[in-house]
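Remarks on the structure that follows.
The values are calculated or read from the model by the stated rules, or taken from the named source; none is laboratory data. Quantities reported herein were computed from a predicted structural model and do not represent experimental measurements. Backbone-built Cβ (ideal geometry, glycine too); neighbour counts: all protein chains shown. Remember, those area values only see protein heavy atoms, side chains included, never the ligands or the DNA or RNA. Shrake-Rupley method; radii C 1.70, N 1.55, O 1.52, S 1.80 Å.
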Amino acid sequence: MIEAANRLLTVEEYYFSKKLREVNFLITSGKPIINLGIGSPDLQPPQRVVEAIKEGLLAPNAHKYQSYQGLPELRDAMARFYEEHFSVSLSATSEVLPLMGSKEGIMHISMAYLNEGDAVLIPNPGYPTYQSVTKLVGAKPVFYELDAANNWLPDFEALEQLDLSKVKLMWVNYPHMPTGALPNTYLFEELVAFAKRHGILIVNDNPYSFILNDAPKSILSVAGAKEVCLELNSLSKTFNMAGWRVGMVVGDSEHISNILKVKSNMDSGMFYGIQKGAIEALKCSDMWFVTLNSVYKQRRDLVWQLADALNCTYDKNAVGLFVWAKLPGSENAEAYIDSVLKNNHIFITPGTIFGSKGEGYIRFSLCASNEVLEEAIKRVR
Ligand SMILES: Cc1ncc(COP(=O)(O)O)c(C=O)c1O
């Protein structure tokens, strides 16, 4: 038997990869499962994106390897998007790097900055990939706890009390997944000051800022942020393009060139047609966001009704693609979602997959139609 590398001992198969096998088994055995687990947008991308991708397929150069840094027009479109929506000026030549989704950026950044034994600040609750990638590169996760009582924002007093001597990188993610918490007015300023005080690179993972949120913010809008911060962004949720795999990392040119050193050794460019589609997406007017969010608003109202029917509580000011709800009493999240799956055939994500601070919470995805959500409410009532 050929043994796998030791690094595999540090991680497990991704929760959804395992759980969706179980859910799919139930579906193939005839159970009418409603899947409110994963945040994979079911809505269509803008029509012009699909047209551009189709046209791209016929371009004579479409089948060649593409630039490691993406088409100059794509980097331009990304820089203009940041200027228009976040008032952040970026050099399209040196401060923007297109990625195949922001998820791969988490690995590239970790490979570019972490040595074995370095420590990484990771939110609890938070996106599980921060932790697994940290372990895969031989670094050590140091969790910072987020709490409903502090609107799921970092507690800087508690952070200052941690041993930060080995901390090289900190993941933050506002608007926050899974809770939907928004950054308050000072959060990004405080984070930049914290990063400078301790010589830590902060990465804000920002894929949800356009979903049910009227005021998208970038950490790079803070003066001096580029020295110590990077930001990841993504077209997956903003333009319903999750399967096309387009994201970006933006920040200071030196950081970007370090990340490119890793990335250019791992892939050989993004498919031409997808880049052309992404350019079109980034040019969409505000009407796109208004229309998209009017659909999500209706769905969120229905999910709130579903959460009410399950006697859960939630914050109506939260944003993003999910509703994060507190279970009644002291219910155990995994046992609870298993019983809803068994009794009502509805799959909901247990908060515990995002860390111990997710115990007692569940997360509903808004990636299901009104009809499906109405059916879910009917089943629970
Ligand atoms: C917080 C967070 N970061 C990153 C990602 C990955 O997004 P992408 O599709 O851009 O790789 C997700 C997707 O679910 C997410 O929730």
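Any chance segment 115-129 includes a residue that's free of Cβ contacts under 8 Å to residues at least 40 places away in the same chain, within 25 Å of GLY360 (Cα to Cα), of a type in the set (Phe, Trp, Tyr) and within 16 Å of the ligand (Cβ to nearest atom)? No: segment 115-129 contains no residue that is free of Cβ contacts under 8 Å to residues at least 40 places away in the same chain, within 25 Å of GLY360 (Cα to Cα), of a type in the set (Phe, Trp, Tyr) and within 16 Å of the ligand (Cβ to nearest atom). In segment 37-52, the qualifying residues are those that are touching a residue at least 40 places away in the same chain (Cβ under 8 Å) and more than 16 Å from the ligand (Cβ to nearest atom), and the one that is nearest to the chain's Cα centre (by Cα) is GLN44. Quickly run through segment 27-42 and pick out the residues that are open to solvent by 40 Å² or more (accessible area, probe 1.4 Å) and on the phi < 0 side of the Ramachandran plot. Correct list: ILE27, THR28, SER29, LYS31, PRO32, ASN35, ILE38, SER40, ASP42.
Filter segment 53-86 down to residues that are over 23 Å from the mean Cα position of the chain (by Cα), in a helix (DSSP H, G or I) and free of Cβ contacts under 8 Å to residues at least 12 places away in the same chain, then give me how many there are. Counting residues in segment 53-86 that are over 23 Å from the mean Cα position of the chain (by Cα), in a helix (DSSP H, G or I) and free of Cβ contacts under 8 Å to residues at least 12 places away in the same chain gives 1. In the set (1) surrounded by 14 or more Cβ atoms within 10 Å (Cβ to Cβ); (2) of a type in the set (A, V, I, L, M); (3) more than 16 Å from the ligand (Cβ to nearest atom), LEU58 fails one condition alone, (1).
Just one of the numbered conditions (1) surrounded by 17 or more Cβ atoms within 10 Å (Cβ to Cβ); (2) within 28 Å of GLY247 (Cα to Cα) is not true of LEU306: (2). If only residues of segment 1-26 that are open to solvent by less than 60 Å² (accessible area, probe 1.4 Å) and of a type in the set (Ser, Thr, Tyr) are counted, the one that is farthest from ARG379 (Cα to Cα) is THR10. Residue by residue through segment 73-85, note down the ones that are open to solvent by 70 Å² or more (accessible area, probe 1.4 Å) and closer than 23 Å to ASP214 by Cβ. Result: ARG80, GLU83, GLU84. Answer with yes or no whether VAL167 is touching a strand residue (DSSP E or B) at 6+ places or on another chain (Cβ under 8 Å), under 25 Å from GLU359 (Cβ atoms) and of a type in the set (A, V, I, L, M). When the stated conditions are applied, VAL167 does not pass them.
Do any residues in segment 167-181 that are within 16 Å of ARG300 (Cα to Cα) and more than 9 Å from the ligand (Cβ to nearest atom) have Cβ atoms under 6 Å from those of residues that are in a loop (DSSP other than H, G, I, E, B) and at pLDDT 95 or above, where the two are at least six apart or on different chains, and which pairs are they? Close Cβ pairs satisfying both conditions: THR179/TRP152; GLY180/ALA318; GLY180/VAL319; GLY180/GLY320; ALA181/ASN151; ALA181/TRP152. Within segment 86-110, the set of residues being surrounded by fewer than 21 Cβ atoms within 10 Å (Cβ to Cβ), within 20 Å of VAL246 (Cα to Cα) and either away from the ligand (no atom under 16 Å from the Cβ) or β-branched (Val, Ile, Thr) (or both) comprises PHE86, SER91, ALA92, THR93, SER94.
For segment 242-264, residues that are within 16 Å of the ligand (Cβ to nearest atom) and open to solvent by 30 Å² or more (accessible area, probe 1.4 Å) total 3. Look through segment 223-245, keep the residues that are aliphatic (A, V, I, L, M) and touching a strand residue (DSSP E or B) at 6+ places or on another chain (Cβ under 8 Å), and return whichever of them is farthest from ILE279 (Cα to Cα). Filtering first and then ranking leaves VAL228.
Residue pairs whose Cβ atoms lie under 6 Å apart, sitting 6 or more positions apart in sequence or on different chains, and linking a residue in segment 87-105 that is closer than 14 Å to LYS226 by Cα to a partner that is in a loop (DSSP other than H, G, I, E, B) and open to solvent by less than 30 Å² (accessible area, probe 1.4 Å), are VAL88/SER218; VAL96/LEU90.
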